[in-house]
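Trainee: Handing you a structure now.
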Amino acid sequence: MRLGELDAAEVAFDNAAVLDPGNPDLKRAQIDLRLAQGRAIEATVLGGELLYACPDDPAAAQTVLHLLGERLQTIEGDYIVLHDGAERAARPLRPLPGFLDRLQSQRRVIRALIIRETRTRFGDSKLGYGWALLEPILHIALLSVAFSVLMHGQPPLGSHFFLFYFTGLVPYHIFVHTSSGMAHAIIGNGALLQLPLVTTFDVIAARGLLEIITDVIVAVIMLAGFGAAGLATAPDDLWGPCTALLVTALFGCGIGYTNAVVTVFWRGWDKLYAQVTRGLYFISGIFYVPGMMPDWARDALAWNPLLHAIDWFRSGFFAVYQPHWLDRPYLVILAIIALLAGIGLERGLRRKLSEPL
(Lines give C-alpha, C1' and ligand atoms only; values in the text may rest on other atoms or scores of the structure.)
Protein backbone atom coordinates (compact mmCIF):
# COMPACT_ATOMS: atom_id res chain seq x y z
CA MET A 1 0.00 0.00 0.00
CA ARG A 2 2.90 2.41 0.78
CA LEU A 3 4.41 1.66 -2.59
CA GLY A 4 1.16 2.78 -4.24
CA GLU A 5 0.19 -0.69 -5.45
CA LEU A 6 -3.37 -0.31 -4.11
CA ASP A 7 -4.93 -3.23 -6.02
CA ALA A 8 -2.26 -5.65 -4.78
CA ALA A 9 -2.66 -4.26 -1.25
CA GLU A 10 -6.42 -4.87 -1.38
CA VAL A 11 -5.85 -8.52 -2.33
CA ALA A 12 -3.32 -8.91 0.49
CA PHE A 13 -5.69 -7.34 3.03
CA ASP A 14 -8.58 -9.57 1.91
CA ASN A 15 -6.36 -12.66 2.34
CA ALA A 16 -5.36 -11.45 5.79
CA ALA A 17 -9.05 -10.90 6.70
CA VAL A 18 -9.71 -14.56 5.94
CA LEU A 19 -6.98 -15.59 8.36
CA ASP A 20 -7.79 -13.06 11.14
CA PRO A 21 -11.19 -11.35 10.51
CA GLY A 22 -11.35 -9.62 13.92
CA ASN A 23 -7.95 -7.92 13.85
CA PRO A 24 -8.53 -4.19 14.53
CA ASP A 25 -5.20 -3.18 12.93
CA LEU A 26 -6.31 -4.87 9.73
CA LYS A 27 -9.68 -3.01 9.81
CA ARG A 28 -7.92 0.35 10.20
CA ALA A 29 -5.59 -0.48 7.30
CA GLN A 30 -8.54 -1.46 5.10
CA ILE A 31 -10.29 1.84 5.95
CA ASP A 32 -7.19 3.83 4.94
CA LEU A 33 -6.96 1.81 1.71
CA ARG A 34 -10.63 2.46 0.80
CA LEU A 35 -10.13 6.18 1.41
CA ALA A 36 -7.03 6.18 -0.79
CA GLN A 37 -9.04 4.44 -3.53
CA GLY A 38 -11.83 7.02 -3.23
CA ARG A 39 -14.34 4.42 -2.01
CA ALA A 40 -15.62 6.42 0.95
CA ILE A 41 -18.94 4.57 1.33
CA GLU A 42 -17.19 1.18 1.76
CA ALA A 43 -14.75 2.80 4.20
CA THR A 44 -17.72 4.08 6.24
CA VAL A 45 -19.18 0.56 6.41
CA LEU A 46 -15.87 -0.78 7.65
CA GLY A 47 -15.71 2.04 10.20
CA GLY A 48 -19.06 0.98 11.62
CA GLU A 49 -17.88 -2.62 11.89
CA LEU A 50 -14.70 -1.46 13.62
CA LEU A 51 -16.57 0.58 16.24
CA TYR A 52 -19.00 -2.28 16.84
CA ALA A 53 -16.13 -4.75 17.36
CA CYS A 54 -13.90 -2.41 19.41
CA PRO A 55 -16.10 0.22 21.11
CA ASP A 56 -13.45 1.04 23.75
CA ASP A 57 -10.37 1.16 21.48
CA PRO A 58 -8.99 4.76 21.23
CA ALA A 59 -7.13 3.94 17.99
CA ALA A 60 -10.35 2.68 16.41
CA ALA A 61 -12.20 5.82 17.50
CA GLN A 62 -9.44 8.03 16.06
CA THR A 63 -9.59 6.18 12.72
CA VAL A 64 -13.37 6.56 12.46
CA LEU A 65 -13.12 10.24 13.42
CA HIS A 66 -10.59 10.78 10.62
CA LEU A 67 -12.93 8.86 8.27
CA LEU A 68 -15.89 11.09 9.16
CA GLY A 69 -13.80 14.17 8.61
CA GLU A 70 -12.96 12.98 5.12
CA ARG A 71 -16.60 12.12 4.45
CA LEU A 72 -17.73 15.61 5.43
CA GLN A 73 -15.36 17.11 2.89
CA THR A 74 -16.21 14.86 -0.02
CA ILE A 75 -18.84 12.27 -0.84
CA GLU A 76 -18.14 10.13 -3.86
CA GLY A 77 -15.84 12.86 -5.23
CA ASP A 78 -18.46 15.67 -5.00
CA TYR A 79 -17.18 18.42 -2.71
CA ILE A 80 -19.69 20.23 -0.52
CA VAL A 81 -19.26 23.51 1.35
CA LEU A 82 -20.40 23.24 4.92
CA HIS A 83 -20.16 26.95 5.71
CA ASP A 84 -18.88 29.72 3.53
CA GLY A 85 -18.58 32.23 6.33
CA ALA A 86 -21.51 34.39 5.19
CA GLU A 87 -24.27 34.95 7.73
CA ARG A 88 -27.76 34.10 6.55
CA ALA A 89 -30.20 36.95 6.74
CA ALA A 90 -32.68 36.68 9.58
CA ARG A 91 -36.16 35.65 8.55
CA PRO A 92 -38.77 38.35 9.02
CA LEU A 93 -41.19 37.70 11.83
CA ARG A 94 -44.55 36.36 10.74
CA PRO A 95 -47.22 38.96 11.49
CA LEU A 96 -49.70 38.10 14.21
CA PRO A 97 -53.09 36.96 12.89
CA GLY A 98 -55.71 39.67 12.78
CA PHE A 99 -59.12 39.63 14.39
CA LEU A 100 -60.83 38.20 11.30
CA ASP A 101 -58.20 35.46 10.98
CA ARG A 102 -58.65 34.45 14.60
CA LEU A 103 -62.42 34.52 14.18
CA GLN A 104 -62.18 32.31 11.10
CA SER A 105 -59.93 29.85 12.92
CA GLN A 106 -62.29 29.72 15.89
CA ARG A 107 -65.25 29.15 13.56
CA ARG A 108 -63.51 26.12 12.05
CA VAL A 109 -62.70 24.75 15.50
CA ILE A 110 -66.30 25.12 16.74
CA ARG A 111 -67.63 23.57 13.53
CA ALA A 112 -65.35 20.54 13.99
CA LEU A 113 -66.44 20.23 17.62
CA ILE A 114 -70.13 20.35 16.62
CA ILE A 115 -69.57 17.53 14.11
CA ARG A 116 -67.79 15.51 16.80
CA GLU A 117 -70.56 16.14 19.34
CA THR A 118 -73.20 15.12 16.77
CA ARG A 119 -71.46 11.83 16.05
CA THR A 120 -70.91 11.18 19.74
CA ARG A 121 -74.52 11.91 20.68
CA PHE A 122 -76.41 10.39 17.76
CA GLY A 123 -73.86 8.19 15.97
CA ASP A 124 -74.37 5.07 18.11
CA SER A 125 -78.15 5.05 17.66
CA LYS A 126 -79.92 3.66 14.61
CA LEU A 127 -82.56 6.38 14.86
CA GLY A 128 -79.95 9.13 15.19
CA TYR A 129 -81.77 12.47 15.12
CA GLY A 130 -85.00 10.50 15.32
CA TRP A 131 -84.64 10.32 19.09
CA ALA A 132 -84.50 14.11 19.29
CA LEU A 133 -87.72 14.28 17.25
CA LEU A 134 -89.46 11.50 19.13
CA GLU A 135 -89.16 13.11 22.58
CA PRO A 136 -91.18 16.32 21.94
CA ILE A 137 -93.74 14.51 19.78
CA LEU A 138 -94.52 12.01 22.55
CA HIS A 139 -94.48 14.82 25.09
CA ILE A 140 -96.98 16.91 23.13
CA ALA A 141 -99.15 13.89 22.37
CA LEU A 142 -99.31 12.96 26.07
CA LEU A 143 -100.24 16.49 27.11
CA SER A 144 -102.81 16.76 24.33
CA VAL A 145 -104.56 13.53 25.24
CA ALA A 146 -104.53 14.21 28.98
CA PHE A 147 -105.77 17.81 28.83
CA SER A 148 -108.26 17.21 26.04
CA VAL A 149 -110.05 14.91 28.47
CA LEU A 150 -109.73 17.31 31.40
CA MET A 151 -110.75 20.38 29.38
CA HIS A 152 -113.45 18.66 27.33
CA GLY A 153 -111.64 19.01 24.01
CA GLN A 154 -111.05 22.78 24.10
CA PRO A 155 -107.47 24.14 24.58
CA PRO A 156 -106.91 27.47 26.38
CA LEU A 157 -105.96 29.08 23.03
CA GLY A 158 -106.83 28.15 19.49
CA SER A 159 -108.61 24.99 18.47
CA HIS A 160 -105.81 22.37 18.51
CA PHE A 161 -104.06 21.06 21.59
CA PHE A 162 -101.02 20.04 19.55
CA LEU A 163 -100.27 23.61 18.48
CA PHE A 164 -100.93 25.07 21.92
CA TYR A 165 -98.53 22.72 23.69
CA PHE A 166 -96.05 23.04 20.84
CA THR A 167 -95.80 26.78 21.50
CA GLY A 168 -95.10 26.07 25.16
CA LEU A 169 -92.62 23.21 24.84
CA VAL A 170 -90.36 24.57 22.08
CA PRO A 171 -89.01 27.60 24.05
CA TYR A 172 -88.83 25.49 27.20
CA HIS A 173 -86.81 22.74 25.46
CA ILE A 174 -84.45 25.23 23.83
CA PHE A 175 -83.67 26.84 27.19
CA VAL A 176 -83.43 23.63 29.22
CA HIS A 177 -81.56 21.53 26.63
CA THR A 178 -79.06 24.32 26.00
CA SER A 179 -78.36 25.27 29.60
CA SER A 180 -78.26 21.63 30.78
CA GLY A 181 -76.30 20.24 27.83
CA MET A 182 -73.56 22.86 28.13
CA ALA A 183 -73.02 21.97 31.79
CA HIS A 184 -70.94 18.87 30.91
CA ALA A 185 -69.02 20.43 28.02
CA ILE A 186 -65.74 20.94 29.91
CA ILE A 187 -65.61 17.74 31.95
CA GLY A 188 -66.70 15.74 28.91
CA ASN A 189 -63.97 17.16 26.63
CA GLY A 190 -60.97 17.30 28.94
CA ALA A 191 -58.66 15.61 26.45
CA LEU A 192 -59.53 18.07 23.67
CA LEU A 193 -58.57 21.02 25.86
CA GLN A 194 -54.93 19.91 25.66
CA LEU A 195 -54.91 20.84 21.96
CA PRO A 196 -53.49 24.35 21.41
CA LEU A 197 -56.37 25.64 19.26
CA VAL A 198 -59.21 24.37 21.48
CA THR A 199 -60.38 26.47 24.42
CA THR A 200 -63.09 25.99 27.01
CA PHE A 201 -65.12 28.67 25.21
CA ASP A 202 -65.10 26.53 22.06
CA VAL A 203 -66.24 23.25 23.64
CA ILE A 204 -69.03 24.98 25.58
CA ALA A 205 -70.20 26.94 22.54
CA ALA A 206 -70.17 23.83 20.35
CA ARG A 207 -72.37 21.92 22.82
CA GLY A 208 -74.82 24.83 23.10
CA LEU A 209 -75.05 25.41 19.35
CA LEU A 210 -75.70 21.71 18.77
CA GLU A 211 -78.61 21.75 21.22
CA ILE A 212 -80.08 24.91 19.66
CA ILE A 213 -79.74 23.61 16.09
CA THR A 214 -81.27 20.27 17.05
CA ASP A 215 -84.29 21.84 18.77
CA VAL A 216 -84.89 24.29 15.90
CA ILE A 217 -84.76 21.47 13.34
CA VAL A 218 -87.16 19.42 15.44
CA ALA A 219 -89.55 22.40 15.75
CA VAL A 220 -89.56 22.99 11.98
CA ILE A 221 -90.16 19.29 11.28
CA MET A 222 -93.04 19.21 13.76
CA LEU A 223 -94.61 22.33 12.24
CA ALA A 224 -94.34 20.76 8.80
CA GLY A 225 -95.94 17.60 10.16
CA PHE A 226 -98.80 19.55 11.71
CA GLY A 227 -99.36 21.33 8.41
CA ALA A 228 -99.36 18.04 6.52
CA ALA A 229 -101.98 16.73 8.96
CA GLY A 230 -104.27 19.64 8.10
CA LEU A 231 -103.66 21.83 11.14
CA ALA A 232 -103.33 25.59 10.69
CA THR A 233 -99.76 25.95 11.96
CA ALA A 234 -98.44 29.05 10.19
CA PRO A 235 -97.67 31.79 12.76
CA ASP A 236 -99.58 35.03 12.49
CA ASP A 237 -96.33 36.95 13.07
CA LEU A 238 -93.19 35.05 11.97
CA TRP A 239 -90.79 37.67 13.30
CA GLY A 240 -92.12 37.40 16.86
CA PRO A 241 -91.53 33.64 17.39
CA CYS A 242 -88.12 33.80 15.70
CA THR A 243 -87.01 36.67 17.92
CA ALA A 244 -88.37 34.94 21.01
CA LEU A 245 -86.40 31.77 20.22
CA LEU A 246 -83.23 33.74 19.57
CA VAL A 247 -83.45 35.59 22.89
CA THR A 248 -84.34 32.35 24.70
CA ALA A 249 -81.36 30.60 23.13
CA LEU A 250 -79.04 33.42 24.23
CA PHE A 251 -80.47 33.22 27.73
CA GLY A 252 -79.93 29.46 27.77
CA CYS A 253 -76.34 29.88 26.54
CA GLY A 254 -75.60 32.41 29.26
CA ILE A 255 -76.88 30.06 31.97
CA GLY A 256 -75.12 27.18 30.20
CA TYR A 257 -71.70 28.88 30.39
CA THR A 258 -72.20 29.44 34.10
CA ASN A 259 -73.33 25.82 34.59
CA ALA A 260 -70.28 24.51 32.71
CA VAL A 261 -67.90 26.44 34.97
CA VAL A 262 -69.72 25.59 38.21
CA THR A 263 -69.93 21.88 37.28
CA VAL A 264 -66.13 21.67 37.05
CA PHE A 265 -65.75 22.74 40.69
CA TRP A 266 -68.98 21.18 41.99
CA ARG A 267 -69.78 17.90 40.27
CA GLY A 268 -73.22 17.62 41.87
CA TRP A 269 -74.42 20.92 40.46
CA ASP A 270 -76.00 19.32 37.37
CA LYS A 271 -78.29 17.21 39.55
CA LEU A 272 -79.42 20.26 41.52
CA TYR A 273 -79.98 22.24 38.32
CA ALA A 274 -82.07 19.39 36.91
CA GLN A 275 -84.47 19.84 39.84
CA VAL A 276 -84.67 23.57 39.08
CA THR A 277 -85.62 22.90 35.46
CA ARG A 278 -88.31 20.46 36.58
CA GLY A 279 -89.78 23.22 38.71
CA LEU A 280 -89.71 25.60 35.74
CA TYR A 281 -91.87 23.14 33.82
CA PHE A 282 -94.80 23.87 36.11
CA ILE A 283 -94.39 27.62 36.58
CA SER A 284 -93.62 28.72 33.00
CA GLY A 285 -97.09 28.51 31.43
CA ILE A 286 -96.43 25.52 29.18
CA PHE A 287 -99.81 23.83 29.54
CA TYR A 288 -101.87 26.76 30.82
CA VAL A 289 -102.35 30.49 30.27
CA PRO A 290 -101.25 32.71 33.19
CA GLY A 291 -104.34 34.85 32.64
CA MET A 292 -106.41 31.96 34.06
CA MET A 293 -104.70 32.39 37.45
CA PRO A 294 -105.36 34.94 40.23
CA ASP A 295 -103.56 38.25 39.90
CA TRP A 296 -101.26 37.62 42.86
CA ALA A 297 -100.17 34.26 41.43
CA ARG A 298 -99.63 35.71 37.95
CA ASP A 299 -97.61 38.62 39.37
CA ALA A 300 -95.39 36.15 41.21
CA LEU A 301 -94.92 33.99 38.10
CA ALA A 302 -94.05 37.06 36.03
CA TRP A 303 -90.61 37.09 37.70
CA ASN A 304 -89.86 33.89 35.81
CA PRO A 305 -88.11 34.90 32.54
CA LEU A 306 -89.03 31.62 30.87
CA LEU A 307 -92.72 32.50 31.22
CA HIS A 308 -92.10 35.64 29.16
CA ALA A 309 -90.18 33.59 26.57
CA ILE A 310 -93.09 31.17 26.15
CA ASP A 311 -95.74 33.89 26.01
CA TRP A 312 -93.62 35.86 23.53
CA PHE A 313 -93.30 32.80 21.29
CA ARG A 314 -96.96 31.86 21.73
CA SER A 315 -98.26 35.35 20.92
CA GLY A 316 -96.74 35.05 17.45
CA PHE A 317 -98.93 32.02 16.67
CA PHE A 318 -102.12 33.39 18.19
CA ALA A 319 -102.83 36.98 17.16
CA VAL A 320 -105.59 37.28 19.78
CA TYR A 321 -103.14 36.43 22.56
CA GLN A 322 -101.36 39.64 23.60
CA PRO A 323 -100.92 39.36 27.39
CA HIS A 324 -100.42 42.63 29.23
CA TRP A 325 -97.90 41.05 31.63
CA LEU A 326 -95.55 40.10 28.79
CA ASP A 327 -92.33 42.12 29.25
CA ARG A 328 -90.02 41.55 26.29
CA PRO A 329 -87.27 44.00 27.43
CA TYR A 330 -87.13 42.14 30.76
CA LEU A 331 -86.23 38.90 28.99
CA VAL A 332 -83.78 40.59 26.62
CA ILE A 333 -81.93 42.34 29.46
CA LEU A 334 -81.71 39.14 31.51
CA ALA A 335 -80.43 37.23 28.47
CA ILE A 336 -77.68 39.79 27.84
CA ILE A 337 -76.67 39.87 31.52
CA ALA A 338 -76.62 36.06 31.74
CA LEU A 339 -74.57 35.73 28.55
CA LEU A 340 -72.00 38.35 29.57
CA ALA A 341 -71.74 36.93 33.08
CA GLY A 342 -71.32 33.36 31.84
CA ILE A 343 -68.70 34.22 29.22
CA GLY A 344 -66.89 36.50 31.67
CA LEU A 345 -66.79 33.73 34.29
CA GLU A 346 -65.41 31.28 31.74
CA ARG A 347 -62.81 33.77 30.50
CA GLY A 348 -61.66 34.64 34.00
CA LEU A 349 -61.18 30.98 35.00
CA ARG A 350 -60.04 29.65 31.59
CA ARG A 351 -56.53 28.76 32.75
CA LYS A 352 -57.89 26.84 35.73
CA LEU A 353 -60.59 25.14 33.64
CA SER A 354 -58.07 24.01 31.01
CA GLU A 355 -55.97 22.05 33.50
CA PRO A 356 -56.20 18.23 33.19
CA LEU A 357 -59.12 16.96 35.25
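Trainee: Tell me whether the range 303-313 contains one or more residues that are over 22 Å from H177 (Cβ atoms) and outside any loop (DSSP other than H, G, I, E, B).
Mentor: First, pick out the residues of the range 303-313 that are over 22 Å from H177 (Cβ atoms): 303.
Subset that is outside any loop (DSSP other than H, G, I, E, B): none.
The answer is no; no qualifying residue exists.
Trainee: List, please: which pairs have Cβ atoms under 7 Å, are six or more places apart or on different chains, and start with a residue in the range 81-107 that is within 18 Å of P196 (Cα to Cα) and end with one that is at pLDDT 75 or above and of a type in the set (A, V, I, L, M, F, W, C)?
Mentor: These pairs meet every condition: S105/L197.
Trainee: Next question, about the same structure. Of everything in the range 329-352, what is more than 26 Å from I174 (Cα to Cα) and of a type outside the set (K, R)? Give them in sequence order.
Mentor: G348, L349
Trainee: Within the range 18-52, how many residues are farther than 19 Å from R2 by Cβ, assigned to a helix (DSSP H, G or I) and either at pLDDT 80 or above or not small (G, A, S) (or both)?
Mentor: Of all residues in the range 18-52, those farther than 19 Å from R2 by Cβ come to 18-22, 24, 40-42, 44-52.
Filter once more, so that each one left must be assigned to a helix (DSSP H, G or I): 18-19, 24, 40-42, 44-52.
Checking the rest, the ones that are also either at pLDDT 80 or above or not small (G, A, S) (or both) come to 18-19, 24, 41-42, 44-46, 49-52.
Residues in the range 18-52 being farther than 19 Å from R2 by Cβ, assigned to a helix (DSSP H, G or I) and either at pLDDT 80 or above or not small (G, A, S) (or both): 12 in total.
Trainee: A further question on this structure: Can you tell me which residue in the range 1-32 is farthest from L68 (Cα to Cα), limited to those that are in contact with a helix residue (DSSP H, G or I) (Cβ under 8 Å, 6 or more places away or on another chain) and among the basic types (K, R)?
Mentor: If we take residues in the range 1-32 being in contact with a helix residue (DSSP H, G or I) (Cβ under 8 Å, 6 or more places away or on another chain) and among the basic types (K, R), then K27 is farthest from L68 (Cα to Cα).
Trainee: Based on this model, can you work out whether A219 counts as touching a Leu at 6+ places or on another chain (Cβ under 9 Å), small (G, A, S), part of a helix (DSSP H, G or I) and modelled with pLDDT under 90?
Mentor: yes
Trainee: What are the residues in the range 321-338 that are open to solvent by less than 30 Å² (accessible area, probe 1.4 Å) and either among the aromatic types (F, W, Y) or modelled with pLDDT of 95 or more (or both), if any? Working first, answer last.
Mentor: Within the range 321-338, the subset open to solvent by less than 30 Å² (accessible area, probe 1.4 Å) is 321, 323, 326, 331, 335, 338.
Within the range 321-338, Y321, L331, A335, A338 meet the criteria.
Trainee: Here is a follow-up. Taking the condition within 19 Å of S284 (Cβ to Cβ), touching a residue at least 24 places away in the same chain (Cβ under 8 Å) and surrounded by fewer than 19 Cβ atoms within 10 Å (Cβ to Cβ), does G181 pass?
Mentor: Against the criterion (within 19 Å of S284 (Cβ to Cβ), touching a residue at least 24 places away in the same chain (Cβ under 8 Å) and surrounded by fewer than 19 Cβ atoms within 10 Å (Cβ to Cβ)), G181 does not qualify.
Trainee: I'd like to verify a number: residues in the range 281-317 that are crowded, with 17+ Cβ neighbours inside 10 Å, touching a residue at least 60 places away in the same chain (Cβ under 8 Å) and within 32 Å of the chain's Cα centre (by Cα), how many?
Mentor: 4
Trainee: Do you know which residues across the range 215-242 are open to solvent by less than 30 Å² (accessible area, probe 1.4 Å) and of a type in the set (V, I, T)?
Mentor: V218, T233
Trainee: Might you let me know whether the range 263-279 holds any residue that is small (G, A, S), under 30 Å from S159 (Cβ atoms) and part of a helix (DSSP H, G or I)?
Mentor: No, the range 263-279 has no match at all.
Trainee: When the residues of the range 280-302 are filtered to those that are among the small types (G, A, S) and assigned to a loop (DSSP other than H, G, I, E, B), which remaining residue is farthest from I140 (Cα to Cα)? So that I can check it myself, show each step before the final result.
Mentor: Of all residues in the range 280-302, those among the small types (G, A, S) come to 284-285, 291, 297, 300, 302.
This time we only want the ones that are assigned to a loop (DSSP other than H, G, I, E, B), so: 284-285, 302.
Numbers: S284: 16, G285: 14, A302: 24 Å.
The residue in question is A302.
Trainee: What pairs can you find where one residue is in the range 196-220 and within 17 Å of Y172 (Cβ to Cβ), the other is small (G, A, S) and assigned to a loop (DSSP other than H, G, I, E, B), and their Cβ atoms are less than 9 Å apart, with a gap of 6+ or different chains?
Mentor: Close Cβ pairs satisfying both conditions: G208/A185.
Trainee: Further question on the same structure: Looking at the range 192-214, which of its residues are open to solvent by less than 20 Å² (accessible area, probe 1.4 Å) and closer than 17 Å to T118 by Cα?
Mentor: D202, V203, I204, A205, A206, G208, L210, E211, T214
Trainee: Out of T199, T248, T258, report the one residue that is among the polar types (S, T, N, Q) and at pLDDT below 95. Before you say what the answer is, go through the steps one by one.
Mentor: Values: T248 fails: at pLDDT below 95; T258 fails: at pLDDT below 95.
Result: T199 is the single residue among T199, T248, T258 that is among the polar types (S, T, N, Q) and at pLDDT below 95.
The values are calculated or read from the model by the stated rules, or taken from the named source; none is laboratory data. The structure displayed is predicted, hence computed values, not measured ones. Reconstructed Cβ throughout: ideal geometry from the backbone, glycine too, with neighbour counts over all protein chains shown. These accessible areas exclude ligands, DNA and RNA; they are computed on the full protein's heavy atoms, side chains included. Shrake-Rupley method; radii C 1.70, N 1.55, O 1.52, S 1.80 Å.
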